[in-house]
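Just so it is clear, none of the values below were taken in a lab; they were calculated from the coordinates. The model shown is predicted, which means the values in this text are computed figures rather than measured ones. Glycine gets a Cβ as well: all are built from the backbone with ideal geometry, and neighbour counts include every protein chain shown.
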Amino acid sequence: MNATRLSFPLPSLQTTLTLIAIVLAATAQYAHTFLQANLAARVLFAIALVIWLGAIMTSRVALDTWLDATQPPVTSPRRPSLGFAVAAVALALVTFFTSKENTFTLDNLAPWLLSIAVFLYAFWEREKSWPDWQAWLRQRIEQARAAFRDGWRVSSRVVALTFIILIGVFFYFHNLDGVPGEMDSDHAEKILDVNDVVNGGLRPIFFERNTGREPLEFYLIAALVQFGGQPLDHMALKLVTATMGLLVIPGVYFLARELFDEQTAGIAAALVAIGKWPVTIARMGLRFPFTPVFIAPLLYFLFRALKYQRRNDFLMTGLFLGAGLYGYNAFRIAPVLVAVFLLIWLFVGRRMDRVELRRFITNSILVFAFALIIFAPLLRYSVDHPGEFWYRVLTRLSSEERTLEGNPIQTFARNELNAALMFNWRGDEAWPNSIPGDPALDYVSGGLFLLGVVYALYRLARYRERAYAFILIGLLIMLLPSALSLAFPNENPSNARAGGAIPFVFLIAALPIAWLAREIKQSAPSVASGVAVLVLFAAIAGVNYVRYFRDFDQNYRLSSWNSSEVARVIKNFAESVGDYGNAYIMLYAHWVDTRNVAINMGRIGWDQTLPNIEAVLVGAPRGTENRLFVLNPNDTGALARLEELMPNGQMRVFQSRTPGKNFILWYVPGTIAPDTPLTSK
């Protein structure tokens with residue numbers, strides 16, 4: 001009887017070298033991040049890069065870059081409607097002149113929305129006639145009937161993207177109420193602004209509180225509260241921003257697919273779904289993810305516009321360019337990004353004849369014209385109140401708030417270098433955005449990113465593939481909102497302000513995995529490449545889960561004040577033996593934000609704070625009502641004064657779940673005896 005011998009093809013030399021390079025790069029990143037073995041990390045990085053270069057230079061495998069391969073199709077563009085174009089401009093002017101009070105009203109909302117629709121109608125190229133649309137609709141109806149009759153057939157591409165998004169749902173929404181656990185002062189400002197919309201009837205175009213903010217997040221939260229029944233609290237903020245972060249995943253997928261292929265797109269999207277950097281800024285409840293959520297589709301349509309030279313893609317680029325300016329101030333660099341990309345394409349793209357050149361310039365102008373029409377309400381505010389509109393930018397870029405130290409050019413050069421090192425070497429120092437100093441990428445993705453940069457530089461230098469030039473230049477531009485912090489260089493790098501770089505960073509990190517999968521396919525069954533990719537992603541997901549849901553959570557709780565626990569104690573007191581009018585928080589420097597205590601109690605505006613004990617003695621007669629005082633444990637002066645003035649009081653120490661966050665309760669009984677523990681959970 002002859003035994004059957006199973007044989008497995010050996011991996012190619014390039015596959016082996018690539019796996020070694022990835023392991024060494026990840027080990028180097030781990031050695032630096034967790035062991036502070038910087039010399040060993042540098043040596044391992046250098047060896048990994050040399051091995052990686054050896055693999056890619058000796059292999060015939062290369063990733064397809066459709067930006068270079070695709071030629072613009074021949075089109076018969078529809079002539080713009082001059083009358084509708086003039087009408088759109090007129091409506092935009094009406095919007096501008098009726099927005100002088102920094103308030104959205106029917107007088108400016110109606111012409112604003114109408115100007116956007118009319119502008120689109122004036123310039124949109126209709127690729128199908130009405131009979132063509134009717135035939136298309138009939139075809140889709142027949143396909144739907146067949147699907148109901150014979151069963152739905154879903155492509156592997158849809159299944160893969162759905163699976164990636166579901167993984168993202170887990171990372172972006174898992175235990176969202178618990179991580180991050182507490183609000184900081186920025187959250188209080190946001191909730192007060194939303195409360196002005198929901199309960200105060202205000203409709204600002206630009207929210208001026210806390211040095212000024214763009215309006216989109218506030219109106220989305222207000223809609224969630226008013227129409228979704230969500231209480232106005234920290235969770236309301238986080239639900240909106242986590243949703244924005246989740247939307248970055250398909251945005252990066254379609255962007256990467258436009259530049260490379262389905263596999264690279266899926267890998268890049270999956271990295272965004274599990275990456276601790278995008279997850280952290282999306283779950284915070286602040287406006288940070290509003291930059292990447294608009295940058296990704298902006299780039300998608302911009303690259304389509306460059307490839308196919310279709311006016312509709314230029315218009316969609318302008319749409320997302322204008323809309324993104326209502327999200328987060330870091331997006332204000334996006335017009336520079338678009339302008340630079342258009343200029344690069346003009347000078348290094350394929351040669352255009354006079355007609356094509358005129359069409360390209362006209363369409364490029366339409367991008368900014370459409371964005372300006374969408375920006376009209378905010379434009380009016382920026383003209384009327386330039387100091388408020390540009391305050392946050394100017395205080396970081398100039399000596400508006402703090403004198404610039406040293407040569408600004410040298411400071412900027414150091415900032416740009418530090419921003420570029422944020423992914424592998426030293427990251428954001430702000431504890432709400434990161435574990436202080438922790439690189440923006442985990443140690444596996446960080447190693448992949450460095451290999452991806454080398455691959456992009458090699459393909460650009462060796463084969464002049466323009467896609468890599470756009471990716472690398474775009475990355476540097478989207479780091480500028482962080483790097484331009486000349487007055488406060490200690491705030492750079494910033495995970496929040498550099499958020500617009502997320503699509504570029506994770507696309508670069510995806511390149512080595514995509515290349516490895518393609519290389520494996522050359523010498524092994526196709527399932528082998530899938531297994532290799534899944535193993536890598538399992539490792540990356542595990543690393544990011546632990547780093548965010550354990551390490552970041554612990555550091556965040558240690559750094560933030562436990563306003564929710566203070567609120568719970570006061571609420572228990574008010575609903576059992578006292579009332580909210582007889583509960584007080586003694587003010588103490590750099591302690592809990594009492595506005596957050598009020599928000600956590602569901603009583604926005606509650607302000608029972610005392611600078612000293614004497615301030616409460618004019619209240620209810622002593623001995624008739626129960627009173628509760630909450631003190632910082634270091635406020636020994638206030639505690640001594642309480643013991644002197646209210647000797648019948650009872651001191652309790654609230655044991656916080658977070659070490660170092662205990663606080664003191666001084667309970668003064670009146671004629672009502674307590675029957676409910678104040679510290680009950």
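Worth a mention:
- Relative packing of peptides 41-48, 99-106, 224-231, 287-294 - highest average C-beta neighbours within 10 Å first: 287-294, 41-48, 99-106, 224-231
- Dmax and Rg, reported as Rg then Dmax, of the chain (C-alpha, Å): 28.9, 103
- Counting only alpha carbon atoms, the long axis of helix 130-150 and the longest principal axis of the chain meet at about 70°.
- Contour minus Cα-Cα distance for Leu35 and Met235 (0.36 nm per residue): 68.4 nm
- Cα-based helix-to-principal-axis angle, 311-324 vs the chain, degrees rounded to 10: 20
- Point-to-point label distance, Asp607-Asp553, nm (Cα→Cβ direction, 7 Å offset): 3.6
- Per-residue Cβ neighbour counts within 10 Å put Tyr381, Tyr219, Tyr328 in the sequence Tyr219, Tyr381, Tyr328, beginning with the fewest.
- Cα centre as origin, Lys/Arg/Asp/Glu Cβ charges: region 563-668 dipole, Debye: 280
- The order of Val23, Val240, going from fewest to most other C-beta atoms within 10 Å of their C-beta, is Val23, Val240.
- In the chain, a dipole from Cβ-located charges (positive for Lys and Arg, negative for Asp and Glu) runs towards its positive end, and of Pro111, Val616, Phe470 it is Phe470 whose Cα lies farthest in that direction.
- Amide H contacts of Thr609: Ile585, each under 5 Å away and 5 or more positions distant or on a separate chain (H built 1.01 Å from N in the peptide plane; Pro and chain starts excluded).
- For region 563-668, the spread of Cα positions along each principal axis, largest first, Å: 32, 27, 22
- Entries in Lys276/Lys571; Lys238/Lys661; Lys276/Lys661; Lys190/Lys661; Lys276/Lys307; Lys100/Lys238 that, when Cα-Cα distance is taken, lie over 29 Å: Lys276/Lys571; Lys276/Lys307; Lys100/Lys238
- MRE, 222 nm, helices only [DSSP H, n ≥ 4, -39500 (n - 2.57), over the chain, to nearest 500]: -19500 deg cm²/dmol
- Karplus-derived 3J(HN,Hα) values for region 170-179, using 6.51 cos²θ - 1.76 cosθ + 1.60 with θ = phi - 60°, are 4, 5, 8, 10, 4, 6, 5, 5, x, 9 Hz; glycine and proline are entered as x.
- Antiparallel bridges, percent of DSSP beta bridges restricted to the chain (to nearest 5): 70
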